[in-house]
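Notes for the one structure printed next.
All of the numbers you see were taken from the coordinates with simple rules; none came from a lab. Worth saying up front: this structure is predicted, and the values here are computed from it rather than measured. Positions of Cβ are backbone-derived with ideal geometry, glycine not excepted, and every protein chain shown enters the neighbour counts.
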Amino acid sequence: MSLAPGTVAGMPYENPAQLADLLQGLTRRLRRAQAQRLVPLGLTPGQERALRVVARSTEPLRMTELADRLGIVPRSVTTVIDALEEAGLVSREPDPRNRRAILLQLTARGAGVRDELRDARRQAADELFAPLSEQDRKSLAHLLEQLDPH
């Protein structure tokens, strides 16, 4: 999709707030598309996010570490993990170094669902970025990296 120079979403470019609004709208659209793909898996976006963090960890995570990585209070992560454990996607094990701490591990079933989640996220992103050529995608990636080099 090509817009006239000096425009944002077809409107004359006036200030960075327009870019922020456009980016927020696209982010909401992507999140909605991803959330729709979670329904058949029986997961909420919060559960998917927690499962993804547990799956990406090279070592079992403590509940408090998961809460920190998600930016939520430990009490809230307990509810999310209860649901994931009930679904057989994660398991809780006592931390051998600290009996009061609980370690989270991905189960074999959780690993399978993780792969389905990756596919769902990829499909949602593919749909969002479908109108862009490969070169446009590379340019967009370059611009976004300039805004967030991490």
Original post:
Across the stretch 123-129, in residue order, what do the Karplus-derived ³J(HN,Hα) couplings come to in whole Hz, using 6.51 cos²θ - 1.76 cosθ + 1.60 with θ = phi - 60° and x for Gly and Pro?
Top reply: 4, 4, 5, 4, 5, 5, 8
Subject >> Value at 222 nm in deg cm²/dmol, rounded to 500, when DSSP H runs of n ≥ 4 in the chain each add -39,500 (n - 2.57) >> reply: -20000 deg cm²/dmol
Subject >> For the stretch 94-110, 3J(HN,Hα) per residue [Karplus equation, 6.51 cos²θ - 1.76 cosθ + 1.60, θ = phi - 60°, Hz, x = Gly/Pro] >> reply: x, 6, x, 8, 7, 4, 7, 9, 10, 9, 10, 10, 6, 8, 4, 5, x
**OP:** Could you tally the net charge around L22, taking each other residue with its Cβ under 12 Å from the Cβ of L22, Lys/Arg +1 and Asp/Glu -1?
**Re:** +1
**OP:** Can you pull the one-decimal nm distance between simple spin-label points at I72 and K138, each 7 Å off the Cα toward Cβ?
**Re:** 3.9
Original post:
Remind me, relative contact order of the chain in percent, using alpha carbon pairs under 8 angstrom and six or more residues apart?
Top reply: 21
**OP:** Tell me which residues come under 5 Å, amide H to amide H, from R62 once H is placed; ignore anything under 5 positions away on its chain.
**Re:** L104
Original post:
Using alpha-carbon positions, what is the distance between the centroids of the stretch 100-143 and the stretch 27-70, in Å?
Top reply: 11
Original post:
Under a GNM of the chain (C-alpha, springs under 10 Å), which listed residue has the highest mean-square fluctuation: R100, R28, R122?
Top reply: R100
Original post:
If you build the Cα gyration tensor of the chain and take the root of 5 times each eigenvalue, what three semi-axes come out, in whole angstrom, biggest first?
Top reply: 37, 17, 14
**OP:** Taking only Cα atoms and a 10 Å spring cutoff, compute GNM fluctuations for the chain and point out the largest among E85, E65, E134.
**Re:** E134
Original post:
Any idea what the dipole of the chain comes to, in debye rounded to 20, about its Cα centre with Lys/Arg Cβ at +1 and Asp/Glu Cβ at -1?
Top reply: 400
**OP:** Pick out, from Q24, Q135, P96, the residue whose Cα sits farthest towards the positive end of the charge dipole of the chain, with +1 on the Cβ of Lys and Arg and -1 on the Cβ of Asp and Glu.
**Re:** P96
Subject >> Linear extension gain, R122 paired with E14, 0.36 nm per residue minus alpha-carbon span >> reply: 35.6 nm
